[in-house]
Every structure is written in C-alpha cells, then in structure tokens.
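The values are calculated or read from the model by the stated rules, or taken from the named source; none is laboratory data. Because the structure is a prediction, the values reported are computed rather than measured. Here Cβ is always computed from backbone atoms with ideal geometry, including for glycine, and neighbour counts include all displayed protein chains.
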Amino acid sequence: MTTSAELTTEQPTPVRWGRDIIEATVNGYPVRVYKDRPRSVGELLLDARRWGEREFLVQGDRRLSYKDHELAVAAVSNRLAAYGIAPGDRVLLLGFNSIEWFVSFWAIQSLGAVAVLGNPWWGAHELEVILGRVQPKLAISDVEMHQVSRVSVAEIRQIVDAGEPAVLRLADVDEDDPALIMFSSGTSGIPKGILVSQRSVCGNLQNLLSMTRRLPTELDDSRPGTASLQTVPLFHLAGVQVSCGTILQGGKLVMLNGKFDPAEVLRLIEAEKVTSWGAIPTMVSRVLDHPDLASRDVSTLGSIPLGGAAVPDELRARIGATFPKVSKRVGSLYGLTETGGLLAAAAGKEINGHPGRVGKPLPVVDIKIVGAGTDGIGEIHGRTPNVPLEIVGEGPVADAEGWVATGDLGRIDDEGYLYVTGRAKEIIIRGGENIAAAHIENTLQRHPDLADAGVIALPDADLGEIVGAVVVLAPGAIFNHDSLLALCHEYLGRFEIPERWWVRSDKLPMTAIGKLDKKLLKAEWLERGAGDLDDTAS
C-alpha cells in the first residue's frame, strides 16, 4: 500500500534520548531516572518519521511503510475522536495480532487515551466482569458486547486500506498520565487491570534500548532495521516492548496471518529474512521439531529473545546447535507487568552454565530479597520509576517506599546477578500464559457434585506446564466430565481449562497449618502417571 499524501503535525521536533541518570522522586519515593527521556508514548511516532518509506508492517500479502503507518494512525485517530474519544478515555483493544490492532494502539496513544489491552482468550464471564471494572468508553473488537459501544476490526481495516490523507495530531499529556491498562493473572480470581503511566512505558523501553545500545540517538539513518517476527501476543508486556522498540529502530515487524503454525514461522523466516524472533519456549520447541526445518533457509536469524516462561538448558543447547548466529545470544529478560516492565537482563554468555540466572538489575532498577533463608533465597522485590500507577479498583501496586513484591523466589549472588528459583505465587505458566490456580479452583467449587478441588501445574514437554485438576466428589455424586467442562467454558478462558483430571474419593492432603499440600498432591499424581482422566479412587 503506497500513498503520496503529505504528513504534517503540530509537534515536529523528535524527543531526546540519553543514558545520563539523575536522582528523582516519583510517586513519593526516591528513584533514579534518565535525564533525557520521552514524556509520552505518542511522541515516539515523531521519532519514527526518519524511516519514511521503509517497509514497516507485514501480514499476509499486506505491507505498510512507516509513512503508510502514520497516515493510517492519523485516520483511525480521527475516527476514534468522532466517537468522542479524548485524553484519559479508556478504549478496549480485544483481538489477536493484526495490522489493525497495531494501528489502533498507536491511534489511541496519539489521542492521549488509555489503551486497555484485553486478552481475546478470556471467557464471556471474565470479559463481563473486567468490562465492569475497567469501564471503557469504546471497544475495538469483533466480539459482541452489550456493555460498551464497539468498533469492529473490519471498520478499522477499511480505514487502513483506504490510505486517505490525514494529519497526525498528538494530544498534550504528562508523563504521569495513564497510557495503558494491562492485565495480570494475580493469584486468584478474575485478571486484574494494571494502570500503567506514560512514564512507565517510555522508561521500560529506554531501559531495554540502553541495554542493547540502540537508543534513537545512537542509530544512523542508514542503519538497516531488524526484521522481527512477532508471534507472542501484542497485548502482552513483551508485545508492547516490540511495538515501541521496532518503531524507533526502523525495523520491519512481521506478523502471522492466523494461528501459530511452525511451518509458517519457518517460511516467514526464510521469505522475510527475519533476524530476530521474539517467542516463548513452547513456540521454539515446536519449530525445532518441525520437519520443514531441514529444508528452510534460516541463516538470517541472529536473535531469539525468549520470555513468558523459564527456558530449559536443553532448549538453549538445541537453539545454539540449530541457529549458530544465535548460540551466544540467547539472553534473558526478567520483568513483570506489576513492575512496569524489565527488572533484570543478561546476555547469553552471562547466563550459560548458570541455571536460574536471569541477569543484573537494569540502570534505574533496585532489587532486594525479602525473607531470605540460609540459602539466600527469598521473595524478589523490585523498585523502579516505571512502577504502574495502580491496580484498577484496588489501589497502588507498590508499598509506601515504592517496592513491589514479585511473588517470585530468588537470590542474588556475590557478583550481583539475580537468580529466579521458583514462585511464591500459585501460578501456572502454560505456553507463556499466566494462569491463577485459585481462580480455577473457585470455579470448580461452584459445581454441586464436587466436595473439593485443587489445581496444580503438571509438567509438559510442549507447553512447559499444563493445568491439572484434582477433584473430590460429593457423597453420592458421579463424575460428569462434560458437566465440569461446561462450567469451565462459562467462567474460564480456554487456556485456563484443566487438561488433566484426577478424581478422588478421599480428602485432599493438607499441611500442618491447614492449607492444601500441593507439593505432596503433585508428587502423588506424578507417581500415578498423571493420566488424561483417572476416575479411580485413590
């Protein structure tokens, strides 16, 4: 898609970027911040102008240049403004990766509105509750909703494909104004909305670009951009990082035209000469196991940033053996939505041979270990200027001194490297998606035929972990798998529904303080084989 329309804006001067760090007070507590920094996400569109006619977005047979993208953003923002969207208004983005999702995200930012990054895998009940909590003024989605006015993805696509002249105008917002609402699984119940400031998004991005020495001021206009394949959801923290990082570096962003398919990933790496592929371990494993790998040219691939779940040493070794350019660059990024992004990072050479090591704290990040035992392991707490504003409807994310409890267990070695050794939260990470075990347990306990239920993470070679449900039948009840699945489909997202069931007639094991002993329960189940469905009493 091409156009010769002229682009103008009322704020033509790009923002400044730098590495110098100064002391500051944010939200009432002391932190370090970058002296020269962007103040809003929308301003990044001005930095992107230097790339002009470079190819930017690729999906299927559709291709947009940077100039095309700005035109589309301006046109979509005009349409959203006609729906009454103004600075501070919340707009729900609910859909899978697409050019329309990407353009809509930037249109929302140009208006100074708040992009609510919904998960299209949510169940109907989850979506209804979340809409009630977040109260968006508008939704961009193909999902029918009676609670909010909606613009279809097809309508957005029509605007994008029209390529009509439009003028980009950026709303005047402060760096402490809200920019996004992202969602965390928490430890129980419906996913929680995390209200993220402009400062948080820009600060997290500056951390990442400083670490990789790719700040906009460090890039020459002639520098070829990275060709990135985007297979993780754009609505995740990593997706936001890629969205913003690519636009600043003149890169090309390639998206799948449908569901994840390892054969299509290999085809795109070859056809688009992909140099970086951000993925989760499950995706990489599936590609490494696919028969097309032997016949595809993947020699351009030089980086595979992995996130969403722990990366086994065996997988790192396979990546290094298959992609020689990547062998020393399979690094690590550690962060959370609740902390506003990255806390620590490391290059491959720093973590190879050190199981559990995730890196050193980034320049404006403080990390401490709370409640450490004799082995030095305790809960990881982080403090940064990028901590989100609040949990929607609940209050601040951080404590009075700015510290956020991650729920992860870890330690710091004598060289200052952080190790993540486990999780304090009862979270299952299935193919990169965080799942709260308590949320599933609460759902199962709604069923009249169950006296009790416990949900645990079972190991899986493909997805890393899957959801296992151990249920105790009420007296006289008969196990009805279909009835339980119907209940799950009503209240849970598809990725949260248990894939393994163990039906027991005796009580679940408890610890000395009366809590469900999940460690023992998991050990017992694995010893039994953790079959697909076991309705034999233990």
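A few remarks follow.
- Restricting attention to segment 458-484 and to residues that are small (G, A, S) and at pLDDT below 90, the residue that is surrounded by the most Cβ atoms within 10 Å (Cβ to Cβ) turns out to be G464.
Yes/no per residue for (1) surrounded by 18 or more Cβ atoms within 10 Å (Cβ to Cβ); (2) without any contact (Cβ under 8 Å) to a residue 60 or more places away in the chain:
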residue	(1), (2)
Q147	no, yes
Q158	no, yes
A162	no, no
R169	no, no
D174	no, no
D177	yes, no
L180	yes, no
F183	yes, no
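- Screening M182 against (1) part of a loop (DSSP other than H, G, I, E, B); (2) under 25 Å from V31 (Cβ atoms) leaves a single unmet condition, (1).
- Single unsatisfied condition, V397 versus (1) crowded, with 17+ Cβ neighbours inside 10 Å; (2) out of contact with any helix residue (DSSP H, G or I) (no Cβ under 9 Å at 6 or more places or on another chain): (2)
- For segment 398-451, filtered to residues that are assigned to a loop (DSSP other than H, G, I, E, B) and aliphatic (A, V, I, L, M), the residue that is nearest to Y29 (Cα to Cα) is A400.
- Per the listing I456, I440, I435, I428, the residue uniquely in contact with a Lys or Arg (Cβ under 8 Å, 6 or more places away or on another chain) and within 21 Å of L487 (Cβ to Cβ) is I456.
- Hits in segment 151-206 - residues which are among the hydroxyl-bearing types (S, T, Y) and farther than 20 Å from L92 by Cβ: T187, S188
- Helices (runs of 4 or more DSSP H) lying entirely in segment 5-120 (those with 3 or more residues that are within 30 Å of G132 (Cα to Cα) and among the β-branched types (V, I, T)): 99-110
- Positions within segment 199-225 being without any contact (Cβ under 8 Å) to a residue 60 or more places away in the chain, more than 12 Å from Q249 (Cβ to Cβ) and not hydroxyl-bearing (S, T, Y), in sequence order: none
- Top-ranked residue of segment 58-74 - restricted to ones that are over 11 Å from V103 (Cβ atoms) and in contact (Cβ under 8 Å) with a residue 60 or more places away in the chain, ranked as surrounded by the fewest Cβ atoms within 10 Å (Cβ to Cβ): G60
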